[in-house]
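Written below as structure tokens is the structure these notes are about.
The values are calculated or read from the model by the stated rules, or taken from the named source; none is laboratory data. Since we're looking at a predicted model, the values are computed, not measured. All Cβ positions, even for glycine, are placed from backbone atoms using ideal geometry, and neighbour counts span all protein chains on display. To get the accessible areas, we keep the full protein, side chains included, count just its heavy atoms, and leave off ligands, DNA and RNA. Shrake-Rupley method; radii C 1.70, N 1.55, O 1.52, S 1.80 Å.
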Amino acid sequence: MTDQPLPDHVRSIVDEIETEIGELPRPDPDALVSAAAIEGGARSGGPNGRVEAAVREILREIGEDPDRQGLLGTPGRVHRMYAELTAGYHVDPARLINGAIYDVDYSEMVVVKEIPFYSLCEHHLLPFFGTAAVAYIPNGRVLGLSKIPRIVEMYARRLQVQERLTLQVAEFLMEHLRPQGVGVVMEATHLCAVMRGVRKPGTVMTTSHVLGIFRANDKTRSEFLAHLQRPSPGA
Ligand SMILES: [Zn+2]
């Protein structure tokens, strides 16, 4: 990735993933307002004209008129949108984890489930989205609860295939938390599958990745899967 400063609208998403609400350093609250202003076309984020020109070309190719009123702002919006949806490339993992690993004498399974995520399929640049369940068995250290959805977000906001997204979340936790083991299950609907060709609405793809004791021990893996079957309180 380049070291160029990020456009404000991308920076604010990166900051949101890296830091807790109310935690420093945060961009000033006006950053959100300016993001809205950007959305209105007052400013573009990191405009270079190349992406805009490419989007105009796509519009022409599909038989549209990029100069008709409804499409005039589209190339700029598409440029900003892709920068936002791929903001995960710019998240600093050290900053995300920062100060949220605690020494705790707890060695039972920690499960965080029904974490919503939205990602982009790298084959078609179409969304795939669903929920993630992440579990680990601590080895003397636990991670602040709110960090796990942020880890998912960091990797989801990139061009992905679901298998790699699942693996990256698991490996990140294994590397930074050094638990006894990690299990990740993701279920998602891929618009490239449901919008194109044979329509099978409701097609859900499930991927899983297990490491450490989750891989070695059937009982641990079964306990994890049993957690996923159980309805959540309030569900
Ligand atoms: Zn696809």
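Which of the residues belonging to region 113-172 are more than 26 Å from Met195 (Cα to Cα) and acidic (Asp, Glu)?
Matches in region 113-172: Glu171 only.
Can we say Glu171 is more than 20 Å from Leu85 (Cβ to Cβ), more than 16 Å from the ligand (Cβ to nearest atom) and among the charged types (D, E, K, R)? Can you show your working first?
Values: more than 20 Å from Leu85 (Cβ to Cβ): yes; more than 16 Å from the ligand (Cβ to nearest atom): yes; among the charged types (D, E, K, R): yes.
Spelling it out, Glu171 is indeed more than 20 Å from Leu85 (Cβ to Cβ), more than 16 Å from the ligand (Cβ to nearest atom) and among the charged types (D, E, K, R).
When you check Pro179 against the structure, is it open to solvent by less than 60 Å² (accessible area, probe 1.4 Å) and in a loop (DSSP other than H, G, I, E, B), yes or no?
yes
If you take just the strands (runs of 3 or more DSSP E) that sit entirely in region 102-162, which of them hold at least 2 residues that are modelled with pLDDT of 95 or more and in contact with a Lys or Arg (Cβ under 9 Å, 6 or more places away or on another chain)?
Counting at least 2 such residues, we get 110-121, 127-137.
Quick check on Val169: is it hydrophobic (A, V, I, L, M, F, W, C), out of contact with any helix residue (DSSP H, G or I) (no Cβ under 7 Å at 6 or more places or on another chain) and surrounded by 15 or more Cβ atoms within 10 Å (Cβ to Cβ)?
Numbers: hydrophobic (A, V, I, L, M, F, W, C): yes; out of contact with any helix residue (DSSP H, G or I) (no Cβ under 7 Å at 6 or more places or on another chain): no; surrounded by 15 or more Cβ atoms within 10 Å (Cβ to Cβ): yes.
Answer is no for this residue.
Which members of region 123-159 meet the condition of being buried (at least 22 other Cβ atoms within 10 Å of the Cβ) and within 16 Å of the ligand (Cβ to nearest atom)?
Hits for region 123-159 are Phe128, Ala156.
Among the residues of region 59-92, how many are exposed (fewer than 14 other Cβ atoms within 10 Å of the Cβ) and touching an Asp or Glu at 6+ places or on another chain (Cβ under 9 Å)?
Residues that pass the stated criteria total 1.
Those residues that are within 19 Å of the chain's Cα centre (by Cα) and open to solvent by 30 Å² or more (accessible area, probe 1.4 Å), I need them from region 96-115; list them, please.
Passing the criteria: Asn98, Val111, Lys113, Glu114.
Return a yes/no flag: does region 199-211 have any residue that is farther than 17 Å from Ile115 by Cβ, touching a Pro at 6+ places or on another chain (Cβ under 8 Å) and surrounded by 13 or more Cβ atoms within 10 Å (Cβ to Cβ).
So far as region 199-211 goes, no, none of its residues is farther than 17 Å from Ile115 by Cβ, touching a Pro at 6+ places or on another chain (Cβ under 8 Å) and surrounded by 13 or more Cβ atoms within 10 Å (Cβ to Cβ).
Which one of these does Ser146 not meet: (1) touching a helix residue (DSSP H, G or I) at 6+ places or on another chain (Cβ under 8 Å); (2) under 23 Å from Thr86 (Cβ atoms)?
(1)
Write out, first by first residue and then by second, each pair whose Cβ atoms fall under 7 Å of each other, whose residues are 6+ apart or on separate chains, and whose first residue, in region 46-63, is modelled with pLDDT of 95 or more while the second is in a loop (DSSP other than H, G, I, E, B).
Arg56/Pro66; Leu59/Pro66; Arg60/Pro66
If you check Leu59, Leu120, which single one turns out to be within 16 Å of the ligand (Cβ to nearest atom) and touching a Leu at 6+ places or on another chain (Cβ under 8 Å)?
Only one candidate passes the filter, namely Leu120.
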